[in-house]
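Please treat every number below as a calculation from the coordinates, not as lab data. Predicted model only: the values in this text are computed from it and were never measured. A quick note on method: Cβ atoms are made from the backbone with ideal geometry, for glycine too, and the neighbour counts reach across all protein chains shown.
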Amino acid sequence: MSTQTTKDLETLLQARYGKGTEVLDALNPTIETLFQHKSVRGFTAQPLAPNTAELLVAAAQSASTSSNLQTWSVVAVEDQGRKDRLAAMAGNQKWISACPLFLVWVADLARLKALGDEHQHAYESLNYLEMLIMGTIDASLAAQNAAIAAESLDLGIVYIGGIRNKPLDVAKELGLPPMSFATFGMCVGHPDPATTAKNVVKPRLPQSAVLHRETYHPTAHKEAVDAYNATMEKFYAEQAMKPLGPWHIQSLNRVRGPEAMAGRDLLVDALKKLGFDMR
Ligand SMILES: Cc1cc2nc3c(=O)[nH]c(=O)nc-3n(C[C@H](O)[C@H](O)[C@H](O)COP(=O)(O)O)c2cc1C
């Protein structure tokens, strides 16, 4: 990674928030990489350099991990047939087929269970919801480290929550043992300039909606969401995109009920079938 930044802080913040936002005046290549994140859904056919997956996993393993239990794994999928099948399971997301590397991030309690069996040691706590949440958190932290590492190398990524649409099929396809769960996938590849040229940094909510001082302020979102709707309206107009209404309506539509959950309303049943008791 270069030690030089290519953009100034104000430009980066303008893209992230669509308006001026004051932060500590400090910029370095790490912060520039973070601020420039955008999901990439178009990839060239160029293969990744050898050992890219290993580099990304080393970045992932460098993340903090709860009690050093390291309750996560990742399955690196490069086989075209398997990527195609996973793409179908995730709601026909064609970028899964197109990317050279599809990483599936797994909340993995199976490793500790296997150790318990091998060493005749109790592992009762693995049956509690806390441990599944721990595995999910650890997998997420690991994945985000890999994402930043990939983006620092000018690779593109997009997370794929769609693989939770069919958790049992995904588990079968990947040969996951009981007590492991594919939390989300991640496409990795060289961004296709034809599609990613249009792709720009997507603004986020003003900080006043998410940054609470000392205690949580339940009404903090009101003004912030109005401002964000205006920012997003401008953003979509600039991108010549037609949004399905303002952000709050789009978001509320997404959470309106089980019919809008693409099968994930059945996740508790699926997790039980995958060996999680969730007491
Ligand atoms: C856990 C997670 C799951 C996601 N699942 C999908 C997905 O299945 N398909 C997709 O195209 N994008 C997916 N995304 C990408 C989000 O839509 C994207 O991050 C968000 O719209 C913000 O855009 P940006 O990443 O370009 O800033 C996912 C993101 C996260 C964090």
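The GluC sites (Glu not before Pro) found in segment 131-228 that occupy coil by DSSP, while having at most 11 further C-beta atoms within 10 Å, are 214.
Taking chymotrypsin sites (Phe, Trp or Tyr not before Pro) as exposed when DSSP calls them loop and at most 14 other C-beta atoms lie within 10 angstrom, the chain has its longest site-free stretch at 1-127.
Per-residue extension of 0.36 nm, minus the Cα-Cα distance of residue 28 and residue 14, leaves a gain of 3.4 nm for this segment.
Projecting label points 7 angstrom from Cα along Cα→Cβ for residue 277 and residue 195 puts them 4.4 nm apart.
Around residue 190, what is the net charge, scoring Lys/Arg as +1 and Asp/Glu as -1 over all other residues with Cβ under 15 Å from its Cβ? Working shown, then result.
Working: positive: 38, 41; negative: 78, 151, 154, 192.
Summing Lys and Arg as +1 and Asp and Glu as -1 gives -2.
Computed from Cα atoms, the angle from the helix 80-89 axis to the main principal axis of the chain rounds to 80 degrees. Can you give the translational diffusion coefficient of segment 92-235 in µm²/s, computed by Stokes-Einstein from the Kirkwood radius over Cα pairs at 10 °C and 1.306 mPa s? The diffusion coefficient I find is 86 µm²/s. Answer rounded, prolate or oblate for the chain, using the Cα gyration tensor with square roots of eigenvalues a ≥ b ≥ c: rounded when a/c is under 1.5, else prolate when a/b is larger than b/c, else oblate. Prolate, because a/c is 1.5 or more and a/b exceeds b/c. Each label point was placed 7 Å from the Cα along the Cα-to-Cβ direction; for residue 62 and residue 260 their separation is 3.9 nm. Put a dot 7 Å past the Cα of residue 215, heading toward its Cβ, do the same for residue 121, and the two dots end up 4.4 nm apart.
When both segment 24-55 and segment 199-271 are represented by their alpha-carbon centers, they are found 24 Å apart.
Checking the cross-link pairs 38/202; 7/38; 172/273; 222/242 against a 18 Å limit on the alpha carbon distance flags 222/242 as lying beyond it. Helical runs assigned H by DSSP (4 residues or longer) give the chain a calculated mean residue ellipticity at 222 nm of -12500 deg cm²/dmol, each run adding -39500 (n - 2.57) before division by the residue total.
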